[in-house]
Amino acid sequence: MPTAIAQRYARALAEAAGPAADFERIAQDLESLTATYQASAELRDVFESPAVSVQQKARILEAILERLEVIDLTRRFSRVLLAHYRMGLLEEIRAAFQRILNDRLGIVQMKVVSATPLSENEQAALEARFSEVTRKKVNAEYQVDSNLLGGIMAQIKSTIYDGTVRGYLNRLRDQLRA
């Protein structure tokens, strides 16, 4: 259920920002705050501990927000998270907000796994082809998996495009059985 809660908070942040907001700056602020929160186990313990008063937590949060130089909207949103004991959902909220931002900007996230590293030309060609397919700008993340015999596997949301040798052989086997 935390994912549904995180999505609600991310949507509320996007709505509070309004249509003319600097969504990229808000995303950067959330990224910085999340990185700071995740980098320190002691900080997480303080925010999750019922032994630490809300006022003490608020002072610590204000010091962090001041150091990170976040915008006012992010500052207010962080205070809401603290007041509702949702600081532990910060990473999920950040990810959900990034998905909202990508939707508004017409960007789709793609994960590509290949047997060997792809050259810059291959990456550009692959991104161009998937931009045509999705009619959106593609933001790709590349990984190498030496267990693949060859080819690539791409994933956009829940759709998997299997162009691996193993995938081809499996499809060929299924056709021969039919």
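Readers should treat all values here as calculations from the given coordinates under stated rules, not as data from a laboratory. In this text the structure is predicted, and so the values were computed from the model without any measurement. Because the Cβ atoms are built from the backbone with ideal geometry, glycine has one as well, and the counts that use them run over all protein chains shown.
Restricted to the range 113-139, and to residues that are farther than 29 Å from ASP22 by Cα and in contact (Cβ under 8 Å) with a residue 24 or more places away in the chain, which residue is surrounded by the fewest Cβ atoms within 10 Å (Cβ to Cβ)? Of everything passing the filter in the range 113-139, PRO117 is surrounded by the fewest Cβ atoms within 10 Å (Cβ to Cβ).
Within the range 44-63, the set of residues being aliphatic (A, V, I, L, M) and more than 24 Å from GLN7 (Cα to Cα) comprises VAL46, ALA51, VAL52, VAL54, ILE60, ALA63. Condition check for TYR37 on (1) crowded, with 17+ Cβ neighbours inside 10 Å; (2) more than 17 Å from the chain's Cα centre (by Cα); (3) under 13 Å from MET87 (Cβ atoms); (4) not polar (S, T, N, Q): one failure, at (2). The residue of the range 44-63 that is farthest from ALA16 (Cα to Cα), among those that are buried (at least 17 other Cβ atoms within 10 Å of the Cβ) and without any contact (Cβ under 8 Å) to a residue 40 or more places away in the chain, is LYS57.
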